[in-house]
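J.: My structure is below; once you've seen it, I'll send some questions.
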Amino acid sequence: MDPLLSGGIGLSEILIVLLKVVVAFAGLMVGVMAMVWFERKLVADMQNRIGPNRAGPFGILQTLADGIKLFFKEDLQPERSDPFVFKLAPYLALVPAFLVFTVIPIAGNFSDGQDGVVTLFGHETLMQVADPQMGILFVLAMSSVAVYGVMLAGWSSGSKYPLLGSVRASAQMVSYEAALGLSVATVLLFAGTLSTNGIVASQAGWRWNIWMTLLVPFVVFVIAATAELNRPPFDLVEAEQELVGGFHTEYSSIRFALFFLAEFMNTVTMSAVIVTLFLGGPSGPIPSGAPGWVQDFLLPLIYFFAKLLVFLFVFVWFRATLPRFRYDQLMDLGWKFLIPLALGWFLILTAIKVARDQGWNPVVAGAVAALAVVVGGLLLRSSIRAAEDKDFDAVDPADLDGAGA
Amino acid sequence: MSLLAAASATTTFDVPANVVFAVLAVGMVTAAIRVVTTKNIVHAALWLVVVLGGNGIVYLLLQAEFVAMTQFLVYLGAIIVLFLFGIMLTRAPLGRSDDLDNNQRPLGVLVGVVLLAVVGFSLARQWGRDTLSFAAYQGGGAAGGNGRTQALANSIFGEYLIPFEVVSVLLLAALIGAIVLARRD
């Protein structure tokens with residue numbers, strides 16, 4: 001829990017919380033603007049184009065220009081739409097993206113067993129807006145609530161293509177949520193806490209979860225997160241060639257801008273979540289002789305943003321290089337590959353952890369667990385195969401003709 | 001959430017929490033009535049979101065943060081999304097649809113009254129007898145910051161392990177039943 005709020009709550013505590021909220025909000029907005037520019041410029045570079053280069057140096061103000069332009073555009077609303085839900089949907093997409101960022105620790109000294117507590121105006125606090133006990137569950141809950149914006153936007157537009165996009169979105173996001181949750185569970189196994197601050201603290205001293213959990217949950221999480229964000233190669237929700245613009249086809253002006261903002265904000269916050277879960281958040285080597293502000297703010301912020309930038313780059317890289325998945329491939333990857341892989345890995349690591357706690361040989365326990373998981377998986381697979389074969393025998397082509405007539 | 005926890009560290013259920021609960025309860029009851037009276041099936045699902053979300057906030061007021069987040073994650077994030085998915089996959093008309101009612105109203109009223117009687121009876125029976133000691137879970141804050149979640153996990157996987165497993169078998173049975181009903185062969 002944040003030490004700021006553990007004592008009495010007076011005016012100064014409330015002001016500090018407000019300050020943190022305002023700084024997080026402003027920082028995230030500026031970050032998103034930079035991200036839009038970064039993505040456009042990088043994709044342009046990768047495609048041998050120039051990209052935005054008019055507004056400001058290197059076109060860095062292009063996002064601002066686009067935002068102002070969208071503000072002044074006419075706001076169209078389809079005649080056959082659901083007025084209230086149509087107006088509500090962009091906010092439903094945007095708010096969860098904001099809220100996730102509130103539990104991300106962005107600075108603080110985590111080296112030498114310290115728990116990232118910094119002193120701000122004479123009060124001890126954490127460099128995150130809130131540190132609830134179930135921080136990472138909050139992240140998962142918000143990422144699953146985010147689907148409402150997409151879904152309701154598609155439905156309330158009262159038009160075919162957006163509806164198709166939103167049906168795709170809901171199925172995709174619910175499917176990949178499971179893989180996302182299972183890979184997070186592996187991290188929680190090592191951290192022993194749900195609080196984001198606790199997860200970062202448990203990774204101090206290079207014990208980053210990316211190698212503590214042996215890479216697989218990290219890979220599963222990144223793939224599932226890409227699908228959860230509806231980013232390429234999983235952007236079937238707004239597949240331009242098939243669905244015009246997907247769920248936001250009917251949106252224009254500032255409401256479209258809100259969806260756009262939500263999408264990029266989700267990318268930034270999801271990268272921050274990956275950094276928090278697997279790369280130790282703002283932790284890194286900190287020289288003990290440095291002054292307090294360097295130890296608490298400067299170096300951790302640099303580490304955090306350096307790690308964040310890696311993932312932002314990776315997401316753009318995905319977009320520029322990978323072709324879009326087909327819908328059945330998407331579902332197969334999610335249900336038949338990622339979920340069994342994440343679950344099996346979770347069971348094996350649990351066995352190793354139990355073996356360590358009980359003083360058994362962890363290698364033997366891990367091997368036995370892996371064997372059990374593989375045998376179980378093969379049994380399941382063969383039983384599914386058998387069931388499929390039986391179905392083909394049972395259905396007589398003549399019956400199908402009869403049913404059709 | 002930590003704000004709530006800190007504010008009510010000494011008392012178990014204080015005045016602000018009661019006021020919030022009253023406002024929330026009015027909202028939830030209104031939304032629950034709208035679920036069954038609205039003339040648009042997607043709106044009904046959205047009113048249900050309000051009811052279940054309010055339920056989650058009630059858990060937060062009771063300082064059951066883990067249960068609250070699970071409520072948001074499971075009910076809002078999965079169940080209603082699947083409702084909406086099912087509705088949109090079959091038919092999701094905009095505007096009023098007048099065929100949302102059927103002739104089973106008396107049965108619905110009967111079930112509602114019976115449920116109210118059962119819940120009301122159990123509440124009335126236990127009124128003033130059970131004291132929920134939230135303070136018991138407060139001390140966990142210092143030790144790693146997950147005291148209440150740990151206490152919940154200990155009671156689910158310790159004291160209530162068998163009921164928990166029975167419920168999961170029940171859910172599995174429902175799942176298999178759904179598959180059997182849905183398959184045509």
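The values are calculated or read from the model by the stated rules, or taken from the named source; none is laboratory data. Computed from a prediction, not measured in an experiment: that's the story for all the values here. Cβ coordinates were reconstructed from backbone atoms using ideal geometry, including for glycine residues, and neighbour counts include every protein chain displayed. Surface areas here come from the heavy atoms of the whole protein model, side chains and all, with no ligands, DNA or RNA. Shrake-Rupley method; radii C 1.70, N 1.55, O 1.52, S 1.80 Å.
J.: Using the per-residue mean of other Cβ atoms lying within 10 Å as a proxy for protection, in what order, highest first, do the peptides A:142-153, B:162-173, B:48-59 fall?
T.: A:142-153, B:48-59, B:162-173
J.: Roughly speaking, what is the centre-to-centre gap between the range A:276-301 and the range B:101-125 when only Cα atoms are used, to the nearest Å?
T.: The distance from the Cα centre of the range A:276-301 to that of the range B:101-125 comes to 59 Å.
J.: For B:66-75, what's the mean count of beta carbons from other chains sitting within 10 Å of each residue's beta carbon?
T.: The mean count of partner-chain Cβ atoms within 10 Å per residue comes to 5.
J.: Then there's this: Of B:LEU46, A:MET151, A:THR125, which is farthest along the charge dipole of the protein assembly as shown in the positive direction, counting Lys and Arg as +1 and Asp and Glu as -1 at C-beta?
T.: A:THR125
J.: Can you tell which of A:ARG356, A:ARG381, A:ARG207 shows the greatest fluctuation in a Gaussian network model of chain A with Cα springs below 10 Å?
T.: A:ARG381
J.: On to the next question. Roughly speaking, what % of Cα-Cα pairs in the protein assembly as shown are separated by over 47 Å, rounded to a whole number?
T.: 17 percent
J.: Another question, if that's okay. For chain A, modelled as a Gaussian network with Cα springs under 10 Å, which listed residue fluctuates most, A:GLN358, A:GLN295, A:GLN47?
T.: Looking only at A:GLN358, A:GLN295, A:GLN47, the largest GNM fluctuation is found for A:GLN358.
J.: Over all residues in A:183-195, what is the mean tally of Cβ atoms on other chains that come within 10 Å of each residue's Cβ? Intermediate results must be reported in sequence, preceding the final value.
T.: Details: counts 0, 0, 0, 0, 0, 0, 0, 0, 1, 3, 5, 7, 5.
Counting other chains' Cβ atoms within 10 Å and averaging over A:183-195 gives 2.
J.: Moving to a separate point now. For the range A:3-325, report the convex hull volume of the alpha-carbon atoms normalised per residue, in Å³, without decimals.
T.: 151 Å³
J.: Okay, moving on. Between A:HIS123 and A:VAL95, what FRET efficiency comes out of the Förster formula 1/(1 + (r/R0)^6) with R0 = 25 Å and r the beta carbon distance, rounded to 0.05?
T.: Computed FRET efficiency for A:VAL95 and A:HIS123: 0.35.
J.: Can you pull the mean other chain C-beta count within 10 Å for peptide A:146-153?
T.: Mean number of neighbouring Cβ atoms from other chains: 3.
J.: To the nearest 500 deg cm²/dmol, what mean residue ellipticity at 222 nm is calculated for chain A from DSSP H runs of n ≥ 4 alone, each contributing -39,500 (n - 2.57), summed and divided by the residues?
T.: -21500 deg cm²/dmol
J.: If packing is taken as the mean number of other Cβ atoms within 10 Å per residue, what is the order of A:21-32, A:166-177, B:98-109, highest first?
T.: A:166-177, A:21-32, B:98-109
J.: Carbon and sulfur together cover what percent of the accessible area of the range A:140-193 at a 1.4 Å probe radius?
T.: With neighbouring chains kept in place, the figure for the range A:140-193 is 72 percent.
J.: Another question about this same structure. Whole angstrom only: what separates the Cα centroid of the range A:328-374 from the Cα centroid of the range B:75-100?
T.: 37 Å
J.: While we're on this one: Counting other C-beta atoms within 10 Å, and keeping those with at most 16, which DSSP coil chymotrypsin sites (Phe, Trp or Tyr not before Pro) do you find in the range A:84-140?
T.: A:PHE121
J.: Now a separate question. Between B:ALA153 and A:LYS353, with labels modelled 7 Å along Cα→Cβ, what's the label distance in nm to one decimal, could you check?
T.: 0.7 nm
J.: Ignoring ligands, DNA and RNA, please state the percent of accessible area on the range A:334-392 from carbon and sulfur, probe 1.4 Å.
T.: Numbers: 3030 of 4180 Å².
With neighbouring chains kept in place, the figure for the range A:334-392 is 73 percent.
J.: Hey, another quick one. Nearest 0.05, what FRET efficiency do B:ILE179 and A:ILE9 give at R0 = 35 Å with Cβ-Cβ as r? Provide the component values of the computation, followed by the final result.
T.: On the way: r = 52 Å, r/R0 = 1.49.
The formula returns an efficiency of 0.10 here.
J.: Another question, if that's okay. Using protein heavy atoms only (no ligands, DNA or RNA), what is the total accessible area buried between A and B, 1.4 Å probe, nearest 100 Å²?
T.: Looking at A and B, the buried total is near 3000 Å².
J.: Can you give me the accessible area per residue for the protein assembly as shown, using a 1.4 Å probe, in Å²?
T.: On the way: 31150 Å² over 590 residues.
About 53 Å² of surface per residue is accessible.
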